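What follows is a set of notes on a single structure, which appears directly below.
The values are calculated or read from the model by the stated rules, or taken from the named source; none is laboratory data. Predicted model, so just to flag it, every value in this text is computed and none were measured. For neighbour counting, all protein chains shown are included, and Cβ atoms are generated from backbone atoms with ideal geometry for every residue, glycine included. Each accessible area value is taken on the protein alone, full model and side chains, heavy atoms only, with ligands, DNA and RNA left out. Shrake-Rupley method; radii C 1.70, N 1.55, O 1.52, S 1.80 Å.
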Amino acid sequence: MPAYRKSAQVDMTHGSVLGRAALFALPICAGNILQLLYSTVDTLVIGNFCDTTALASVATSSQPLEILLCVFVGIGSGISILVSQAVGRGDHDHLQKLVRTSVWLLFAASLPLTVIGFLLGPWMLQLMQVPADAMPGAVLYLRITMLGILGNMGYNFNAGLLRGIGNSSSSLLLLFISCAANIVLDLVLTGALGLGIGGVAAATAIALFLSWICSIFYIRRHCTELALPVLPCGFDAGALRQIVRIGLPLGLNSALYSIGHVFLQVLYNLQGSVFVAGKVGGLANITVTSLSQATSVFAGQNLGAQSYSRLHRGGWLLPAASGLLSLAGGLLMAACCRPLLLLFTQDEAVLAFAVRYIRVVLPFQWCYAAFNAIMSFANGMGEIRYSTIVNIILLWGVRIPASYLLAWLGYGGYAMAGVSLSFVVGLLAMLFYYKSHAWADICARAEAQEAA
């Protein structure tokens, strides 16, 4: 067994497809819940110690940061895919080249990004037509959280390395530590010291850096086979080209997606601060994200191991399981959402919109879960062109036009129905992947493997 297998928690090339994927996805799911606690605790603290305008400031200021980060988060996903493929092949030398290059790329990208975001963030908020009463708080929150970009990207890059080698459980402990710090700092800086939005933002930035630092210590102590450097020590040109070839399209895809959501945010912002604050009812797609990441690593490892029979079986089994789980969770949340939402606010106008958002969107979440798993499978195989095209079409050709059309017709309060429609269209579009030459090649190779 190669040395890097010592730290791998889950080998996706053997055993039950669903069992291995679930074992890999559960820690990611728990970690996503902890990451959700960053924004949830911020919302709870702001909602209890500040007013609705402050809540709107935090909600609207996240989009510019997301746009600036998403390209490099996509590159981090590309690193994870390449690492999983190297693990499947047993190529230890290339694995270390990818690790060294990822650290160099982290510092080369994050420091200039911090400066750009700090300077251009307020202009982006103005472009989004953030409500005037929420603008000062949004600018303050954005600029302080921009200072945590290095920690944010550093943790996500390191988590991608761990996922690529099959280790999804260690990130859970690291996130727990940083989340606990975030909660304590929120209560101290905002609740006790009365620093308001600035205290919440500072707590988030500090916790992100703590996540990154802890991940470095963990990898260097428990995953010594990765040889993770603390500071940049050069890069491998071939590995960098691979990372850019796989990760840059993923990042640009995410960027286009985030820019599209800015256009939707503009539509929401035109309804005022109460409308924007109510959007906190839209909960994160935790199960969807977890299973999608497991599907991507599954595809990468089995492609590297040339296990086409497992690729064929997992290529349809994992999207089906993701869709069924999301359907059950979405229907349950739609039926029981109001008691949960009361934790965030007692404002009836905010509650009314949040309940409406959940009941219109979540019952269709299973479509998103299924097509996102198919996309993740294709991405793990290194085939990102088709999923990029589909993402662009469903956002810019369906979701945004449908939402603005509803607003133009006088149904702005139901603009989120455009999200549900895009989920359905996305699933129909991604089903054509099973008619592609790439899938046909997998089927042919799987048939030949099983016959042999």
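I'd like the distance separating the alpha-carbon centroids of the stretch 181-239 and the stretch 408-441, in whole Å. Computed from Cα coordinates, the inter-centre distance equals 36 Å. The label-point distance for residue 443 and residue 320, in a model that sets each label 7 Å from Cα toward Cβ, rounds to 1.5 nm. Per-residue packing, averaged as other Cβ atoms within 10 Å, sorts the ranges 187-195, 158-166 into the order 158-166, 187-195, beginning with the highest. Excluding ligands, DNA and RNA, the accessible surface per residue across the stretch 380-452 is 54 Å² with a 1.4 Å probe.
How would you classify the stretch 112-211 from its alpha-carbon gyration tensor, with a ≥ b ≥ c the square roots of the eigenvalues: rounded for a/c under 1.5, else prolate if a/b is greater than b/c, otherwise oblate? It comes out oblate by the Cα gyration axes. Anisotropy class assigned to the stretch 183-264 is oblate, per the alpha carbon gyration tensor with a/c at or over the 1.5 cut-off and a/b no larger than b/c. When a 1.4 Å probe is rolled over the protein heavy atoms, the share of accessible surface on the stretch 65-117 that falls to carbon and sulfur comes to 62 percent.
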